[in-house]
Amino acid sequence: MHHFQYKGNELYAEDVAVREIVEKVGTPLYLYSHATLERHYRAMDEAFAAVPHTICYSMKANSNLAVLKTFFGLGGGVDIVSGGELYRALAAGVEPCKVVYSGVGKKDDEIEYALNTGILMFNVESEEELDRIDMIAGRLGKKAGIAIRVNPDVDPETHPYITTGLKKAKFGINIERSLEQYRRAARMANLDVMGIDCHIGSQLTKVSPFVDTIKKLKRLIEGVRESGINLRYFDLGGGLGITYSDEAPPLPAEYGAAITAETKDLGLHLLFEPGRNLVGNAGIMVAKCLYVKRGEEKNFVIVDAAMNDLARPSLYGSYHGVQAVRKDQEGVTVADIVGPICESGDFLAKDREVPSFRQGDLVAFMSAGAYGFAMSSNYNSRPRAVEVMVKGDAFVVVRDRETYGDLVRGERIPDFL
Ligand code: LLP
């Protein structure tokens, strides 16, 4: 049960009618439920109650300051992949000792920024990165906490674009070469080798790939310890899936029980990097129907949100549930729901049986809290949508709708023109 439910014919976000919010702020709109964010965080936290752990929210899924603050207020940390994410996390009040830094392409200035901030550790993704971090830490007179992101060569059985733990992926250091790199790292003067890390993919709907990964890594952990390295953290990454349509991913409790059973005797502090699982079903996107176009072969519901606002359907063929904000349409129609962008790939739903929307109707796209606004762009010079957070019967604009002025900010016309 989430907090986007009908009361009578009206879709509500917690105790506020979605229509009422739209009347104040317009469309397209991203809407987040604070109660859902909190519930998802607590479910994950409780799933690991039996072992020492920290939830480092993977903020690439949704980096709005209000969302970050919600999790930090509950004791969470953050998984970052850029200097910009670190900046946002600090702006929302993260404790630096709860920050882990992943990503294959960390730049010198980003490494410096993270070292000066005093983050917990870098999840190192290549041999060259080890050298780079050691050198920069030496220059700053600091010791850098590191874990090696181990690529375990396990298939998470998800979409190829979001599979990361196979040998052919660009991520992490191959498990066969990891021990040698641990030993090399341990000899570097400016590194504190404190952890082991993995992340095998996103939107996983089974527990077994996680368990297989842990089993493989346990053998490596033994070897690392035998080499005299004092490991303290085991970062298990993110990846637990959610229900968009009819998927049945394990609940956090089931995921927690399976992982706890495998790791409880290791004496390691566990870190998790959930993204989608915390925010995906805590957000919806709302658009307005501009036109209904009955084509020769297809019907099109043209709305005022597009692929620049919600890229997932165009990019991955992803499914987002479509619901009427007010259920007063008569009957259903099979249609494509499309945006105003000049590309055939600009669709939000395809060949979908939807309520027979009319001009002016409000359309809700469900499960849009993760990788929704965060992946939005200004393509076709479309200002990005407004973001709103609801808590109980109150709602607050947590990011203003962009203006036309915002679109040209920083641009200049040279004198020679
Ligand atoms: N940790 C690392 C190192 C990651 O790369 C990711 C996601 C996560 C954690 C969080 O994964 P999650 O718990 O959200 O599955 N844009 C795609 C998803 C890309 C995922 C990228 N990495 C989508 O919309 O489906």
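All of the numbers you see were taken from the coordinates with simple rules; none came from a lab. From a predicted model like this one, the values you see are computed outputs, not experimental measurements. Ideal geometry is used to build each Cβ from the backbone, glycine not excepted, and the neighbour counts take in all protein chains shown.
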Quiz item: Helix 127-140 sits at what angle to the longest principal axis of the chain, using alpha carbons and giving 0 to 90 degrees rounded to 10?
Solution: 80 degrees
Quiz item: What ranking do 194, 59 get, fewest neighbouring Cβ atoms within 10 angstrom at the top?
Solution: 194, 59
Exercise. In whole Å, largest first, what are the principal axis extents of the Cα atoms in segment 34-277?
Key: 50, 39, 34
Quiz prompt | Summed residue charge, Cβ within 14 Å of residue 265's Cβ, Lys/Arg positive, Asp/Glu negative | solution = +2
Quiz item: Expressed in nm to one decimal, what extension gain is obtained for the pair residue 74 and residue 413 from 0.36 nm per residue of sequence separation less their Cα-Cα distance?
Solution: 117.3 nm
Quiz item: With the dipole of the chain worked out from charges on the C-beta (+1 for Lys and Arg, -1 for Asp and Glu) around the Cα centre, which of 325, 43, 349 lies farthest toward the positive end?
Solution: 43
Quiz item: Roughly how many nanometres apart are two label points built 7 Å out from the Cα toward the Cβ at residue 108 and residue 215?
Solution: 4.6 nm
Quiz item: Under a point-charge model restricted to the Cβ atoms of Lys and Arg (+1) and Asp and Glu (-1), what is the dipole moment magnitude of segment 166-233 relative to its Cα centre, in debye to the nearest 20?
Solution: 200 debye
Quiz item: Along the charge dipole of segment 322-416, Cβ charges K/R +1 and D/E -1, which of 413, 403, 339 sits furthest on the positive end?
Solution: 403
Self-check item: segment 44-102-segment 352-399 distance, computed between alpha-carbon centres (Å)
Solution: 24 Å
Quiz item: How much length, in nm to one decimal, is gained on full extension between residue 253 and residue 5, taken as 0.36 nm per residue of separation minus their Cα-Cα distance?
Solution: 86.9 nm
Practice problem: Quickly work out the residue 326-to-residue 208 label distance, labels modelled 7 Å from Cα along the C-beta direction, and quote it in nm with one decimal. | Solution: 5.0 nm
Practice problem: Assign unit charges at the C-beta atoms only (+1 for Lys and Arg, -1 for Asp and Glu), then state the dipole size of the chain relative to its Cα centre in Debye, rounded to the nearest 20. | Solution: 420 debye
Quiz item: What dipole magnitude, in Debye to the nearest 20, does segment 34-277 give about its Cα centre under +1 on Lys/Arg Cβ and -1 on Asp/Glu Cβ?
Solution: 300 debye
Exercise. Before anything else, pin down the relative contact order of the chain: Cα pairs under 8 Å, at least 6 apart, normalised by residue count, whole percent.
Key: 20 percent
Exercise. Report the paramagnetic label zone for residue 399: residues of segment 39-60 whose backbone N is under 18 Å from a point 7 Å from Cα along the Cα-to-Cβ axis.
Key: 57-60
Quiz prompt | Acute angle (nearest 10 degrees) that the helix 34-47 long axis makes with the longest principal axis of the chain, alpha-carbon atoms | solution = 30 degrees
Exercise. Treat the count of other C-beta atoms within 10 Å as a stand-in for reagent exposure and order 34, 40 from fewest to most.
Key: 34, 40
Quiz item: By per-residue mean of other Cβ atoms within 10 Å, what is the highest-first order of 242-252, 360-370, 138-148?
Solution: 360-370, 138-148, 242-252
Quiz prompt | Label-to-label distance, nm, for residues given as residue 379 and residue 333 (7 Å Cα→Cβ offset) | solution = 2.5 nm
Quiz item: Summing +1 for each Lys or Arg and -1 for each Asp or Glu, what net charge is found among the other residues whose Cβ lies under 13 Å from the Cβ of residue 60?
Solution: -1
Practice problem: Mark the label point 7 Å from the Cα of residue 246 along Cα→Cβ and return the residues of segment 300-339 whose backbone N is within less than 11 Å of it. | Solution: none
Self-check item: All aspartates and glutamates inside 14 Å of residue 288 as judged from Cα atoms, apart from same-chain residues fewer than 8 positions distant
Solution: 20, 23, 304, 309, 361
Quiz prompt | Most positive-pole-ward Cα, 120, 17, 171, against dipole of the chain from beta carbon charges | solution = 120
Practice problem: Determine the percent antiparallel among the DSSP beta bridges restricted to the chain, to the nearest 5. | Solution: 50 percent
Quiz item: Of all GluC sites (Glu not before Pro) in segment 120-200, which ones are in loop regions per DSSP and have a Cβ with at most 16 other Cβ atoms within 10 Å?
Solution: 157
Quiz item: Which of the lysines could be linked to residue 107 by a straight reach, that is with a Cα gap under 27 Å, when you skip same-chain ones fewer than 8 residues away?
Solution: 60, 69, 98, 142, 143, 167, 168, 170
Self-check item: Difference of contour (0.36 nm per residue) and Cα-Cα distance, residue 65 to residue 155
Solution: 29.0 nm
Quiz item: If each residue's Cβ is checked for other Cβ atoms within 10 Å, how do 106, 69, 24 rank with the fewest at the top?
Solution: 24, 69, 106
Quiz item: In the neighborhood of residue 121, defined by Cβ-to-Cβ distances under 9 Å, what is the net charge if each Lys or Arg adds +1 and each Asp or Glu adds -1?
Solution: -3
Exercise. May I ask for the angle, rounded to the nearest 10°, between helix 208-226 and the longest principal axis of the chain, with both axes built from Cα atoms and the value confined to 0 to 90°?
Key: 20 degrees
